[in-house]
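J.: Below is the structure I would like to discuss, written out as structure tokens.
Just so it is clear, none of the values below were taken in a lab; they were calculated from the coordinates. All values reported here derive from a predicted model rather than from experimental measurement. When we count neighbours, we look across all protein chains shown, and the Cβ atoms used for this are built from the backbone with ideal geometry, even at glycine.
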Amino acid sequence: MGFMHKQVLRLGFSLFLAFGLAWGAVMQPANALTEEQKLVSEVWRIVNRTYLDDTFNHQNWAAVRQKALEKPFKDQKAAYVAIQNMLKTLDDPFTRFLDPEQYRSLQVNTSGELTGVGLQIALNPETGKLEVVSPIEGSPAEKAGIRSRDRILKIEGFSTANLTLDEAAARMRGPIGSLVTLIIERDGEGEKEVRVVRDRIALNPVVAELRTSPEGKSIGYLRLTQFNANASTELAHAISSLEKKGADAYILDLRNNPGGLLQAGIEIARLWLDSGTIVYTVNRQGIQGSFEAFGPALTDDPLVVLVNQGTASASEILAGALQDNGRAKLVGETTFGKGLIQSLFELSDGSGLAVTIAKYETPSHHDINKLGIKPDQVISQQPITREQIATAADLQYQSALEVLRKDSVVAGLGNRDK
């Protein structure tokens with residue numbers, strides 16, 4: 001009994017020592033930190049533990065913390081500004097602080113920066129400009145003619161040059177029926193003013209139709225507009241229904257799909273693959289893990305996937321998995337190139353932190369960040385209206401039909417002998 005007691009004491013003492021050492025690294029005693037300083041410290045620790053780049057953008061991350069905690073903050077807002085300044089030194093637009101309201105709205109909407117105008121937006125890492133990944137189908141932004149890759153220069157006359165993603169999204173949100181004026185810039189067209197009436201954004205991610213090709217084949221046409229929590233279930237239902245109706249081949253349209261949940265992309269890849277790696281995730285220690293398909297696929301019918309510059313994130317994971325496993329041919333344009341994975345952390349005061357914790361590689365170890373995925377058949381086309389999608393006016397869709405006509409063996413055994 002005495003021996004056990006000594007062991008416990010010794011453990012207790014070594015734990016105390018460990019804590020003493022840990023706290024010794026802090027410039028002030030822990031109990032002297034104000035609530036605001038504790039929040040800044042909490043953010044620093046999460047980034048320190050999880051951030052993808054262990055050089056922290058080639059800087060002394062401990063010194064960044066020390067500088068941030070030099071003096072007490074006069075209020076919560078000052079702490080939030082200090083956190084934003086601290087994160088800015090990482091030069092990663094996807095690692096960002098969310099105040100409690102922004103954090104709640106991001107949780108409600110699983111696909112990122114959706115706003116009252118229906119735009120998915122990103123900061124271009126090269127130029128720092130606010131860029132449209134894609135407008136949501138049927139949204140006010142799409143109806144106003146806003147396109148993928150447009151740059152948003154001003155919102156209501158306010159320059160977007162120094163705004164974070166969430167600040168820009170907040171400025172575009174507003175009551176249904178209210179008007180927002182944007183100045184956008186487009187390659188080859190210069191600047192123009194676009195006025196958009198805000199509305200509720202409907203987010204049904206799957207469009208499914210059975211089509212007949214010119215040769216009389218039954219083609220299952222599936223369009224997926226984003227990867228939200230129910231995308232996989234909805235798509236599985238659509239495939240099963242088209243199988244029952246006698247589809248001989250499929251076209252999966254991922255154009256202008258800005259992504260969303262990583263897990264949804266993986267689950268949807270599993271619907272098409274009997275076996276094979278779907279994606280590798282790489283954190284700062286190297287390859288952290290892989291996600292596999294374990295079959296059986298819902299269908300072995302030939303498949304063509306349509307992609308373009310607005311195909312991003314989880315869409316690229318899916319497209320890369322199907323291309324590298326020989327399960328599908330890709331037709332269209334090189335994809336957006338967002339190969340970074342963020343994790344959301346809730347902070348002690350109800351605010352949140354999105355941190356880039358990993359990047360991903362396709363099954364053939366292509367790192368697609370900033371590079372995108374090149375289709376098997378590159379077909380460029382001018383932007384078309386929603387009514388023209390998958391019609392005679394849609395050159396990429398027509399090319400997909402042609403690929404299916406010429407190459408009925410795309411699927412078959414292609415994904416089994418990998």
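J.: Based on alpha-carbon centroids, what's the gap between region 37-56 and region 145-159 in Å, whole number please?
T.: Rounded to whole Å, the Cα centres lie 32 Å apart.
J.: Applying 1/(1 + (r/R0)^6) with R0 = 22 Å to the Cβ-Cβ distance of E234 and R200, what FRET efficiency is obtained, to the nearest 0.05?
T.: On the way: r = 19 Å, r/R0 = 0.88.
Once the sixth-power term is evaluated, E becomes 0.70.
J.: Give me, ordered by chain and number, the residues 5 or more places off F73 or on other chains with an amide H under 5 Å from its own placed amide H.
T.: Hits under the 5 Å cutoff: Q37.
J.: Treating only the Cβ of Lys, Arg, Asp and Glu as charged (+1, +1, -1, -1), what charge dipole size does the chain show about its Cα centre? Round to the nearest 20 debye.
T.: Details: 45 positive and 50 negative charges, 164 e Å.
That gives a dipole near 780 debye.
J.: Need one number: % antiparallel among DSSP beta bridges in region 266-392, to the nearest 5. If you can, show how the numbers build up before the last one.
T.: Values: 18 of 24 bridges.
Here the share of antiparallel DSSP bridges comes out near 75 percent.
J.: A follow-up question, please. If you count, for each residue, the other Cβ atoms within 10 Å and average over each peptide, how do 86-98, 380-392, 255-267 line up from highest to lowest? Don't skip to the end; give the middle numbers.
T.: Details: 86-98: 19.6, 380-392: 12.5, 255-267: 24.3.
Highest to lowest by the protection proxy: 255-267, 86-98, 380-392.
J.: Still on this structure, please answer the following. Rounded to the nearest 5, what % of DSSP beta bridges with both residues in the chain are antiparallel? Please list the in-between numbers first.
T.: Numbers: 48 of 64 bridges.
That works out to approximately 75 percent antiparallel.
J.: Output ³J(HN,Hα) for region 45-55: one whole-Hz value per residue in order, computed from phi by the Karplus curve 6.51 cos²θ - 1.76 cosθ + 1.60 with θ = phi - 60°, and x for Gly and Pro.
T.: 5, 4, 5, 4, 7, 10, 5, 4, 8, 7, 8
J.: I would also like to ask the following. Can you give me the C-alpha center-to-center distance between region 325-390 and region 240-275, rounded to a whole angstrom?
T.: The distance from the Cα centre of region 325-390 to that of region 240-275 comes to 15 Å.
J.: Another question, then. So what's region 33-91 giving for Rg/Rh, alpha carbon basis, Kirkwood Rh from the mean inverse pair distance?
T.: Values: Rg = 11.0 Å, Rh = 11.5 Å.
Rounded to two decimals, Rg over Rh is 0.95.
J.: Under the rule of at least 5 residues apart or a separate chain, name every residue whose amide H is placed under 5 Å from the amide H of E292.
T.: I278
J.: Please list, in order along region 128-143, the HN-Hα scalar couplings obtained from phi with the Karplus expression 6.51 cos²θ - 1.76 cosθ + 1.60 (θ = phi - 60°), rounded to whole Hz, x for Gly and Pro.
T.: Here the 3J(HN,Hα) series is x, 7, 6, 10, 7, 6, 6, x, 6, 4, x, 7, x, 4, 5, 4 Hz.
J.: Hey, another quick one. If R0 is 22 Å, what FRET efficiency do you get for R284 and S348 from their C-beta distance, rounded to 0.05?
T.: Working: r = 25 Å, r/R0 = 1.14.
Efficiency computed from Cβ-Cβ geometry: 0.30.
J.: Please list, in chain and number order, the residues 5+ apart from L347 or on another chain whose amide H is under 5 Å from its amide H, with Hs placed from the backbone.
T.: Amide H neighbours of L347: G352, L353.
J.: Which whole-number percentage describes the relative contact order of region 206-406, with Cα contacts under 8 Å and a sequence gap of 6 or more? Can you show the working numbers first?
T.: Numbers: 464 pairs, mean separation 35.7, N = 201.
Computed value for region 206-406: 18 percent relative contact order.
J.: Continuing with this model, one more query. Report the extension gain between K71 and L371 in nm, rounded to one decimal, defined as 0.36 nm multiplied by the number of residues separating them, less their alpha carbon distance.
T.: That works out to 103.8 nm of additional length.
J.: Output the peptides 299-307, 176-184 sorted from most to least packed, where packing is the average of other Cβ atoms within 10 Å over each peptide's residues.
T.: Details: 299-307: 24.6, 176-184: 15.4.
Taking the mean over residues of other Cβ atoms within 10 Å, the ranking is 299-307, 176-184.
J.: In angstroms, what radius of gyration and Dmax does region 114-197 have, counting Cα atoms only?
T.: 11.4, 35
J.: Sticking with this one: Given charges of +1 on the Cβ of Lys and Arg and -1 on the Cβ of Asp and Glu, with all other atoms neutral, how large is the dipole of region 206-406 about its Cα centre, in debye to the nearest 20? If you can, show how the numbers build up before the last one.
T.: Details: 17 positive and 22 negative charges, 54 e Å.
In debye, rounded to 20, region 206-406 gives about 260.
J.: Here's another thing I want to ask about it. Taking the Cα-to-Cβ direction at S275 and at R149 and moving 7 Å from each Cα, how far apart do the two end points lie in nm?
T.: Rounded to a tenth, the inter-label distance reads 4.0 nm.
J.: Also: Rounding to the nearest 10 and keeping the result within 0 to 90°, find how far the Cα-based axis of helix 76-88 lies from the longest principal axis of the chain.
T.: The answer is roughly 60 degrees.
J.: Taking the chain as the reference, fit the longest principal axis to its C-alpha atoms, fit the long axis of helix 262-272 to the helix C-alpha atoms, and give the angle between the two in degrees, 0 to 90, nearest 10.
T.: Result, in degrees: 30.
J.: Please identify the trypsin sites (Lys or Arg not before Pro) of region 294-381 that satisfy two criteria: DSSP loop assignment and at most 15 other Cβ atoms within 10 Å. Which are they? Write down the numbers at each step before the final one.
T.: Values: sites: R327, K329, K338, K359, K370; in loops: R327, K338, K370.
Sites meeting the loop and neighbour criteria: K370.
J.: Sorted by packing (mean other beta-carbon atoms within 10 Å per residue), highest first, where do 345-353, 69-77 land? Could the numbers behind the result be given before it?
T.: On the way: 345-353: 16.6, 69-77: 12.6.
For the peptides 345-353, 69-77, the packing ranking is 345-353, 69-77.
J.: Put one equal scatterer on each alpha carbon of the chain, apply the Debye formula with no solvent term, and list log10 I(q)/I(0) at q = 0.09, 0.10, 0.13 1/Å to two decimals.
T.: These q points yield log10 I(q)/I(0) values of -0.62, -0.74, -1.12.
J.: Where Lys and Arg each count +1 and Asp and Glu each count -1, what net charge lies around P383 among other residues with Cβ under 14 Å from its Cβ?
T.: Details: positive: K143, R147, R149, R186, R255, R386; negative: E137, E142, D150, D187, E189, E333, E387, D394.
Residues close to P383 contribute a combined charge of -2.
J.: What is the angle, in °, between the Cα long axis of helix 2-24 and the longest principal axis of the Cα atoms in the chain? Nearest 10 is fine, range 0 to 90.
T.: On a 0 to 90 degree scale, this one is about 80.
J.: Considering the dipole of region 33-91 built from charges on the beta carbon (Lys and Arg +1, Asp and Glu -1) around the Cα centre, which of Q37, Q84, F56 is farthest to its positive end?
T.: Going by the Cα projections, it comes out as Q37.
J.: Just grab the label-to-label distance for T385 and K406, each label 7 Å out from Cα along the Cβ direction, in nm (one decimal).
T.: It works out to 3.1 nm between the two label points.
J.: Calculate, in nm to one decimal, what K88 and E156 gain on full extension: separation in residues at 0.36 nm each, minus their alpha carbon distance.
T.: Full extension from K88 to E156 adds 22.0 nm.
J.: What list of ³J(HN,Hα) values in whole Hz, one per residue of region 370-379 in order, does the Karplus curve 6.51 cos²θ - 1.76 cosθ + 1.60 (θ = phi - 60°) give from phi, with Gly and Pro shown as x?
T.: 6, 9, x, 10, 8, x, 5, 10, 7, 10
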